[in-house]
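The values are calculated or read from the model by the stated rules, or taken from the named source; none is laboratory data. Model, not experiment: these values are computed from the prediction. Methodologically, a virtual Cβ is constructed for each residue, glycine included, from the backbone with ideal geometry; neighbour enumeration extends over all protein chains shown.
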């Protein structure tokens, strides 16, 4: 083998080695690229899983916060309602004392009888009261009719006192079904009634003045706050 052939073989070996090296280099690059892609995919999966769990934690926090907020609101509403009911209870206790003042109660019964007659606006009227008020109501029937005529310039309706059926009796300790007094009027045919009892007037007053009662008890709230 002469020198030229040796040189040619050496060049072939060098080219082969370079080609092998380039192929290996390409394989390594492709492997590194694939490894990088897999790594990025895994990172993306981990980030997505973390975001999902973080979202779940955030949702749980919001649910828990909303639950606690609703519980607090219910407690506040319950406390407010209890305070309002306490006012009503106090008002009813004072109403119970009205009938204990004979002169005041008699004048009041005459006035609410006139008012109820006007409201009912019937020619014949049946009057119902508590049994304990029977004698007092008998005394105010005619004065009430005269007052009606004087006030409204019209003939007062004919009044009949119901002495068979009575309103609930005065309050007693622990009795939830009672009456503080007043009257209920019925039309002659019994189809129309007008309740003008102290209890009914308290109920009407409560419903009409509830916003101002709440404002005095709890202060003026911003719009949308109840």
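Filtering 14, 84 for residues that are within 30 Å of residue 130 (Cβ to Cβ), in a helix (DSSP H, G or I) and not assigned by TED's automatic domain parsing to the domain that holds residue 136 leaves a single hit, 84.
Please specify each residue of segment 166-216 satisfying the condition of being part of a helix (DSSP H, G or I), within 25 Å of residue 106 (Cβ to Cβ) and either free of Cβ contacts under 8 Å to residues at least 12 places away in the same chain or touching a helix residue (DSSP H, G or I) at 6+ places or on another chain (Cβ under 9 Å) (or both). 198, 199, 201, 202, 203, 204, 205, listed by residue number. For segment 123-150, the set of residues classified as more than 20 Å from residue 164 (Cβ to Cβ) and either surrounded by 14 or more Cβ atoms within 10 Å (Cβ to Cβ) or touching a helix residue (DSSP H, G or I) at 6+ places or on another chain (Cβ under 6 Å) (or both) consists of 143, 144, 145, 147, 148, listed by residue number.
Residue count for segment 112-148, restricted to those that are part of a helix (DSSP H, G or I) and more than 11 Å from residue 196 (Cβ to Cβ): 18.
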